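The block underneath contains the structure these notes are about, expressed in structure tokens.
The values are calculated or read from the model by the stated rules, or taken from the named source; none is laboratory data. Computed from a predicted model, the values in this text were never measured in an experiment. Cβ: placed from backbone, ideal geometry, glycine included. Neighbour counts: every protein chain shown. All accessible areas refer to the heavy atoms of the entire protein, side chains included, with ligands and DNA or RNA removed. Shrake-Rupley method; radii C 1.70, N 1.55, O 1.52, S 1.80 Å.
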Amino acid sequence: MKNFTYSIPTIVHFGQGQIEKLGGEIAARAHKVLMVYGGGSIRRNGVYDAAAAQLKARGIAWAELPGVEPNPRIATAREGIRLCREQELDGVLALGGGSVIDCAKCIAAGALYDGDPWDFSAKKAVPERALPLFTVLTMAATGSEMDCISVMSNPETNEKESFSSPCCYPAVSILDPVYTYSLPASQTAAGVADIMSHTFENYFSPVETACLADSLAEAILRSCIHYGPLAIQTPDSYEARANLMWNSSWAINGFLAMGKPVGWSVHRMEHELSAFYDVTHGVGLAILTPNWMRYVLSEKTERRFARYGAEVWGLDRSLPARELAEAAIQKTREFFTSLGLPATLSEVGIGPEYFPEMARKARTANFDHTFVPLGTEDIVNIYQMSL
Ligand code: NZQ
Ligand code: ZN
């Protein structure tokens, strides 16, 4: 195990009805907030009304920024920053999924930054200060509700880049599983694939001695495999929605990475798919992940995949390691397909035209330290396998 510092400052209120704590939490930290949301799902599922009632009850004024896109755009964050400055807002309230929360993080940091917010994604600046951020989560997927990462897109340049800073942790997140009942099956499935991918990115690491993190990763994966299909069959299953929601937060809140290097290689590859083709993040991950697994499977890595097969899929541990590993990878693909997720890039309209450019952009120095180091040619090969 490697050295680490563990700190997650976000206060989480988890469970049905916890929105009643929202007004008090905001009132303790802000007077007038920017309410940020997406294309209207919160108007239909009651989240908007519940949050507005909380603000009114505490006398908290607000301005609104609707229309945050899935794969949120930097231009939208710029508009939010403008509103914060113009109306002297002192907090940001995000109502939605990862896209809304990521955009809200960019606004919260950008409002106190003397420059263009794309500087954060372009790695020209690291946010040092941010307005307090409050979130009401409506989708179990990204874990943005309990991490300090924001992923923003710039469609003009086909770029999708993340930034992170401790000042971007939400101060308070409300996680009510009931708010995810209205998610369509396709988004529920994409969310499950995303949660599992976050877990894989941490689990498949060159350091294999972080036992607590590894066992928790296996538990999260088993829970996704159990509850993902249930949430799709029975969208109002509280048990399924609650378990997926808590899995989402823990897959990426940093705990699974404690004591080991993690490279996020499949995420880097997927972000290029979203940057060039605006595909749903979880869909891109579901397509790439089993192919990445196949590509990096070798004599050196088969033991890890065999452990994954035995612990997560309950496969027969007396099988030879390679056989067990291959069966586990096959199970992963079949599981994503059973959720209704596409298995190939062609199904989502992606051809090979930009593979070399995407691979070049995806590959960062991090790829030297991933579970299996990958060069740009390897990345092109994985894209190619996914066609
Ligand atoms: O726009 P609205 O109307 O809200 O509809 C959304 C959107 O169309 C809808 N939705 C969300 N909750 C709903 C709902 N529809 C009905 N009922 C509900 N309860 O679902 C659609 C997708 O929402 P979005 O927020 O885009 O999904 P997700 O949470 O998967 O976020 C994806 C974004 O997060 C980034 C991704 O790259 C992508 O840009 N990520 C952020 C990370 C982070 N901050 O740590 C890490 C991730 O790996 C990821 O990269
Ligand atoms: Zn992700």
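In Å², and per residue, what accessible area does the chain have when probed at 1.4 Å with the other protein chains present?
39 Å²
Would you please classify the overall shape of region 247-311 from the alpha carbon gyration tensor, given that a ≥ b ≥ c denote the square roots of the eigenvalues, rounded means a/c under 1.5, and beyond that prolate means a/b larger than b/c while oblate covers the rest?
Oblate shape, in that a/c is at least 1.5 and b/c is the bigger or equal ratio.
Can you bin region 260-387 into rounded, prolate or oblate? Criterion: square roots of the alpha carbon gyration tensor eigenvalues sorted a ≥ b ≥ c, rounded for a/c under 1.5, prolate for a/b above b/c, oblate for the rest.
Oblate.
With a ≥ b ≥ c the root eigenvalues of the C-alpha gyration tensor of region 74-121, is it rounded (a/c under 1.5), prolate (a/b larger than b/c) or oblate?
Judged from the Cα gyration tensor, region 74-121 comes out oblate (a/c at least 1.5, b/c at or above a/b).
What number results when the radius of gyration of region 84-155, computed over Cα atoms, is divided by 2.2 N^0.38 Å? Can you show the working numbers first?
Numbers: Rg = 11.9 Å, N = 72, 2.2 N^0.38 = 11.2 Å.
Normalised Rg, Cα atoms only: 1.06.
For the chain, the longest stretch holding no GluC sites (Glu not before Pro) located in a DSSP loop with at most 13 other Cβ atoms within 10 Å is which?
Excluding the exposed sites themselves, the longest stretch runs over 129-298.
If you take the Cα Rg of the chain and divide it by 2.2 N^0.38 Å, with N the number of residues, what do you get?
With N residues counted in the chain, Rg over 2.2 N^0.38 Å equals 0.96.
What is the ratio of the Cα radius of gyration of region 54-97 to 2.2 N^0.38 Å, where N is its residue count, to two decimals?
For region 54-97, the normalised Cα radius of gyration comes out at 1.25.
Using just the alpha carbons, could you tell me how many Å³ per residue the convex hull of region 15-116 encloses? Can you show the working numbers first?
Details: hull volume 9.2 nm³, N = 102.
Dividing the Cα hull volume of region 15-116 by its residues yields 90 Å³.
Over the chain, with every protein chain in place, what whole percent of the accessible area is carbon and sulfur at 1.4 Å, could you tell me?
Roughly 52 percent of what the probe reaches on the chain is carbon or sulfur.
State log₁₀ I(q)/I(0) for region 96-202 at q = 0.10, 0.13, 0.17, 0.19 Å⁻¹ as given by the Debye formula over alpha-carbon point scatterers of equal weight, solvent excluded.
Values returned for q = 0.10, 0.13, 0.17, 0.19 Å⁻¹ are -0.29, -0.50, -0.82, -0.98.
Mean separation of Cα pairs under 8 Å and 6+ residues apart, divided by the residue count of the chain: what relative contact order is that in percent? Before the final figure, lay out the partial values.
Numbers: 770 pairs, mean separation 59.6, N = 387.
Answer for the chain is 15 percent.
Mind listing the lone cysteines of the chain, meaning no other Cys beta-carbon sits under 4.7 Å from theirs?
Cys84, Cys103, Cys106, Cys167, Cys211, Cys224
For region 126-258, build the convex hull from the C-alpha positions and give me its volume per residue in Å³.
Cα convex hull per residue, to the nearest whole number: 131 Å³.
What percentages make up the Cα-Cα pair-distance distribution of region 344-387 when the bins are 10 Å wide from 0?
30, 49, 20, 1
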